[in-house]
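To start, the structure itself, in structure tokens.
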Amino acid sequence: LDIFPRDGKYSHQCVYPLRPSYVTVGNDTNDGDSSADSHRVLPACVNIGNLSRGTDGKPSMLRFREVETFFHEFGHVMHCVLSKSKHSLQAWAWSAVPWPGGVEQDFLEVPSMMLENFVWQPEILKRLSCRPKDGSSLPKDAIDALSKSRFVMDSYSRSRVLSMS
């Protein structure tokens, strides 16, 4: 977890695979079962971010888009650490690094898109917007307005993507 900006660092958020999930090959026994010595190698990844830092010893008050992006990237983290693959090239996001393998690119985004959807739920917004100073949350009308704003300009961004394809 590397979530704050610093000189020389990427200026965006991403999750990068460090080690894929795979199963080691065991030694063959007399009965032909090689699973006796096989074991799963656990995956590892890093969440690289550039979230707002807290100031003067106070916790960071993240902007809404930062929270949404963090949830999105955390979806990639969950996808990575929950992956169980027999072969390392078939593990999670190894298609993101410069060699073949991994899951299909469109499926790579599915868990992330699911997690980022939670940020838009009013009950989640209420819990996430809690101020450390007094425990107050955003007022209901502000949460409702934020939830309703989700699809503003959505058709513009979709038409932009279509025009580029």
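Please count how many residues of the range 140-165 are open to solvent by 70 Å² or more (accessible area, probe 1.4 Å) and either closer than 29 Å to LYS58 by Cβ or not in a loop (DSSP other than H, G, I, E, B) (or both). Show your work before the answer.
Here is the first cut: in the range 140-165, the residues open to solvent by 70 Å² or more (accessible area, probe 1.4 Å) are 140-141, 148, 151-153, 155-156, 158, 160-165.
In the following step, the residues that additionally are either closer than 29 Å to LYS58 by Cβ or not in a loop (DSSP other than H, G, I, E, B) (or both) were identified as 140-141, 148, 151, 155-156, 158, 160-164.
Adding up the residues that qualify gives 12.
The set of residues in the range 33-88 that are without any contact (Cβ under 8 Å) to a residue 40 or more places away in the chain and small (Gly, Ala, Ser) comprises SER34, SER35, ALA36, SER38, ALA44, SER52, GLY54, GLY57, SER60.
Is it true that MET61 is open to solvent by 30 Å² or more (accessible area, probe 1.4 Å), modelled with pLDDT of 85 or more, outside any loop (DSSP other than H, G, I, E, B) and among the aliphatic types (A, V, I, L, M)? Reasoning before the result, please.
On the way: open to solvent by 30 Å² or more (accessible area, probe 1.4 Å): yes; modelled with pLDDT of 85 or more: yes; outside any loop (DSSP other than H, G, I, E, B): no; among the aliphatic types (A, V, I, L, M): yes.
No, not satisfied.
The values are calculated or read from the model by the stated rules, or taken from the named source; none is laboratory data. Since the model is a prediction, treat every value here as computed from it, not as a measurement. As a convention, Cβ positions derive from the backbone with ideal geometry for all residues, glycine included, and neighbour counts pool all protein chains shown. Quick note on the areas: whole protein, heavy atoms, side chains included, nothing else; ligands and nucleic acids left out. Shrake-Rupley method; radii C 1.70, N 1.55, O 1.52, S 1.80 Å.
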